[in-house]
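Heads up, the thing below is written out as structure tokens.
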Amino acid sequence: MSKNVILIGFMGCGKTSVGIRLSYQMRRAFLDTDKLIERRAGMTISEIFEKDGEAYFRKLETETLKGLLTEEGDRVISTGGGLPTREENRALLKKLGTVVYLKLSAQTVYERLRGDTQRPLLQCDDPLGKIQELMAAREAMYTAAADVTVDVDGRSFEAIIKEIEEKTA
Ligand code: S3P
């Protein structure tokens with residue numbers, strides 16, 4: 001049985017920054033699905049969206065999960081914010097390990113990602129509106145994919161990591 005801990009949640013919820021610290025604390029390897037995709041494609045996420053479109057990127061996410069399932073391990077894995085939107089991916093996540101949903105408010109996402117140019121979905125005239133719309137559409141999917149939910153709004157890394165460790169032990 002795999003003991004991976006997988007972090008899911010909306011853009012800006014801290015999957016990577018929490019994941020790196022958590023992996024250090026748990027003495028585990030850290031992987032990030034976006035980074036694996038970028039390395040394999042030889043392109044940034046923005047370039048993949050621009051050249052091949054979102055649907056193609058979603059296929060790469062599924063392939064990446066399938067690849068991870070073939071590997072042994074007890075790692076900490078952070079994921080792209082839209083990865084759990086595919087039903088197939090939610091099933092793959094469950095097989096891969098314990099899924100932790102890092103939950104935060106749309107306003108916090110907006111404040112954290114204001115001025116960000118790396119997230120193609122938020123390069124629009126009304127990023128807050130887009131965040132609210134996507135979050136409303138995704139909330140039930142994150143909850144369905146998750147074994148554990150951790151609120152991250154206004155909390156320190158230490159508090160978040162402690163709760164994840166307790167809830168996944
Ligand atoms: C996306 C989130 C991004 C990245 C891509 C699409 C999304 O990852 O996978 O831009 O659909 O929410 P982060 O959640 O790490 O920003």
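Could you give the distance between the Cα centres of the range 1-43 and the range 83-126, to the whole Å?
Spelled out, the Cα-based centre of one part sits 13 Å from the other.
For the residues Val109, Val100, what sequence is obtained by ranking on other C-beta atoms within 10 Å, fewest first?
On the way: Val109 24, Val100 27.
Arranged by neighbour count, lowest to highest, Val109, Val100 become Val109, Val100.
So how strong a dipole does the chain carry about its Cα centre when Lys and Arg Cβ are +1 and Asp and Glu Cβ are -1, to the nearest 20 debye? Each step should come with its number before you reach the end.
Numbers: 26 positive and 27 negative charges, 90 e Å.
For this selection, approximately 440 debye.
Choose one answer from Gly14, Gly129, Gly82: the residue with the largest mean-square fluctuation in a GNM of the chain with alpha-carbon springs under 10 Å.
Per the Cα network of the chain with a 10 Å cutoff, Gly129 tops the list.
Given Cβ point charges of +1 (Lys, Arg) and -1 (Asp, Glu) and nothing else, what value in debye, to the nearest 20, does the dipole of the range 88-147 about its Cα centre take? Mind showing how you got there, number by number?
Details: 9 positive and 8 negative charges, 53 e Å.
That gives a dipole near 260 debye.
Taking a ≥ b ≥ c as the square roots of the eigenvalues of the Cα gyration tensor of the range 22-169, is the shape rounded (a/c under 1.5), prolate (a/b larger than b/c) or oblate?
Working: a/c = 1.60, a/b = 1.11, b/c = 1.44.
Taking the square roots of the gyration eigenvalues as a ≥ b ≥ c, the range 22-169 is oblate.
List the residues whose amide H sits under 5 Å from the amide H of Leu31, counting only those 5 or more places along or on another chain, with H placed 1.01 Å from N in the peptide plane.
Val76, Ile77, Ser78
Name the residues whose placed amide hydrogens come within less than 5 Å of the amide hydrogen of Tyr101, ignoring near sequence neighbours (fewer than 5 apart) on the same chain.
Result for Tyr101 returns Ile8, Asp147, Val148, Thr149, Val150.
Taking the Cα centre of the chain as the origin and placing charges on Cβ (Lys, Arg +1; Asp, Glu -1), which of Thr33, Ala169, Gly53 is farthest toward the positive end of the dipole?
Ala169
If contacts are Cα pairs under 8 angstrom and at least 6 residues apart, what is the relative contact order of the chain in percent? Display every interim value, and only then the final one.
On the way: 237 pairs, mean separation 57.5, N = 169.
Contact order relative to length: 34 percent.
Taken together, the values in this text are just the output of simple stated rules run on the coordinates, not laboratory data. Everything numeric here is computed off the predicted structure, so don't read it as measured data. Neighbour counts are summed over all protein chains in view; Cβ atoms, including those assigned to glycine, are modelled from backbone coordinates with ideal geometry.
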